[in-house]
1. Provide a single number: the residues in region B:83-104 that are touching a Lys or Arg at 6+ places or on another chain (Cβ under 8 Å) and either assigned to a strand (DSSP E or B) or of a type in the set (D, E, K, R) (or both).
2. Working only within region B:105-139, note down all residues that are closer than 28 Å to B:ALA196 by Cα and in a helix (DSSP H, G or I).
3. Considering only residues that are surrounded by 20 or more Cβ atoms within 10 Å (Cβ to Cβ) and of a type in the set (Lys, Arg), which ones fall in region B:13-48?
4. Please work out which residue is farthest from B:PRO118 (Cα to Cα), limiting yourself to region B:197-219 and to residues that are of a type in the set (Gly, Ala, Ser) and not in a strand (DSSP E or B).
5. I'd like the full set of residues that are closer than 15 Å to B:ARG80 by Cα and modelled with pLDDT under 95, limited to region B:130-151.
6. Residues that are within 14 Å of chain A (Cβ to nearest Cβ), in contact with a Pro (Cβ under 9 Å, 6 or more places away or on another chain), assigned to a helix (DSSP H, G or I) and under 18 Å from B:ALA23 (Cβ atoms): does region B:143-151 have at least one?
7. Among the residues of region B:231-242, is any surrounded by fewer than 20 Cβ atoms within 10 Å (Cβ to Cβ), outside any helix (DSSP H, G or I), within 14 Å of another protein chain (Cβ to nearest Cβ) and under 20 Å from the mean Cα position of the chain (by Cα)?
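The values are calculated or read from the model by the stated rules, or taken from the named source; none is laboratory data. These figures come from a predicted structure and were not determined experimentally. Quick reminder, even Gly has a Cβ in these numbers, built from the backbone with ideal geometry, and neighbours come from all protein chains shown.
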Amino acid sequence: MTGMKSGAGSDPFAGAENEESGAANQTDENGHTAASSTSEAVGTTEETNHIDTDTDASQTSDGSFDQGLPYLFARDGVKDERSMIQYFLRETTRHRETKIKAVVEDELETDVYLTDLREAIVQTGMNHPDEVAEQLRECGYRFRG
Amino acid sequence: MLTYTTYSEAGGVGKTTLASNLAHAHAQQGRDVLTIDLDPQHGSLTYLLGVTAPRGDPNADNLVRHLIDRPKGSFSDLIRSTPHGFDHLPSHDMLANLDDLLSQAETMAADLGEAFDPHNRLRDVLQAAGIANHYDTIIVDPPATTGPHLYNAITATRSLVLPIEPTGKGIQSVAGLEDIVTNLASELGFDVGVLAVVPNGIGRTVDQRQYVDQFRELGYEMPVIIRDRSSLFEGCWDKQCTAFEYVDAYRSQKREYELETLEKVQTLGDHIAEVGDQ
């Protein structure tokens, strides 16, 4: 599934071999061919709302295997099985996200779709609810409840 | 490589004015910029930039001849330098019949057993001319209608900058564009990105401000809001120059709010280059 997303489109003048090998280019963040990193979960709004604590907790875990393939390879596009959720992130969080993306890409030694990265960040948080709570305490929730 | 199309469904929201000013801003950043005018109207980017080209002469070589594979000369000879610090590929009257001409060329190519994708022609032509070796920034300005001009622009650039008017119609036009882009992208198998949505001509009324909030909810980057600068932008058309040049040459007394607008265009140019360059 391709569509209109926030950010850059794929590079129209990337090497011809990229064009032809198409879906093999899973690593390009901006997705040649079928992939799209979409506006889903792209919290481009510059609002300074506090973190939403009630974001969909029922997300299926992402290691899910379809026909024996990891999600990254089983899907046709980065939007597959994902629904769009709007995020409101503070500027500083978004800056950090950019940095973290580079760090993760270094670690994996490949480009990572922003959409994949964001879901992984959410999932990682879900695996560590106590740290999430601590983060919320720091941002002021300790004065509540 | 930074490539994008400026597009709005409605005319008169400053699409072309924005294209010229962003081109100038990118040139100021030290980028090698080429603007491409796909709008057959006489009051198009080519006019605004003061570029003269034989637009009415069907025998003169022009972009459309290259798009339909009937060139009369080399592609690079079509490109004009401008006094604004960037180069320009001018419009031609044949663009008004682009749809028919592409269909005919497609039929002929099919008869000859040649590959011809009418929505991918601009990209083919740019690639064949090795344009990426000469420029690092390409801005395409198509007419404010859907059709082969827009499709070719999107296919060749894959990223969009969307000036948008502060009305319900502005919101609707973005929704309509999402449909077009989704269809086009799945037809051709690539991704289309929105580098920025640019609310343009925002006044101080409460209504207009509410629209800005709605634009924010579209989920695209909105790095600047450009206020109503009719006088400045009309001056650009009058003098056939960019806003930077207009303020510099024709405002003996600098107006603070106009300088602010120029700064915003630069901020927008910086943002676009940062997000879109790849």
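1. Of the residues in region B:83-104, 4 are touching a Lys or Arg at 6+ places or on another chain (Cβ under 8 Å) and either assigned to a strand (DSSP E or B) or of a type in the set (D, E, K, R) (or both).
2. B:ARG121, B:LEU122, B:ARG123, B:ASP124, B:VAL125, B:LEU126, B:GLN127, B:ILE131, B:ALA132, B:ASN133
3. B:LYS15
4. Looking at residues that are of a type in the set (Gly, Ala, Ser) and not in a strand (DSSP E or B), I get B:GLY203.
5. Matches in region B:130-151: B:ILE131, B:HIS134.
6. There is no residue in region B:143-151 that is within 14 Å of chain A (Cβ to nearest Cβ), in contact with a Pro (Cβ under 9 Å, 6 or more places away or on another chain), assigned to a helix (DSSP H, G or I) and under 18 Å from B:ALA23 (Cβ atoms).
7. no
For (1) under 15 Å from the mean Cα position of the chain (by Cα); (2) among the basic types (Lys, Arg); (3) in a helix (DSSP H, G or I), each residue gets a yes or a no:
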residue: A:THR92; (1), (2), (3): no, no, yes
residue: A:THR98; (1), (2), (3): yes, no, yes
residue: A:LYS101; (1), (2), (3): yes, yes, yes
residue: A:THR115; (1), (2), (3): yes, no, yes
residue: A:VAL132; (1), (2), (3): no, no, yes
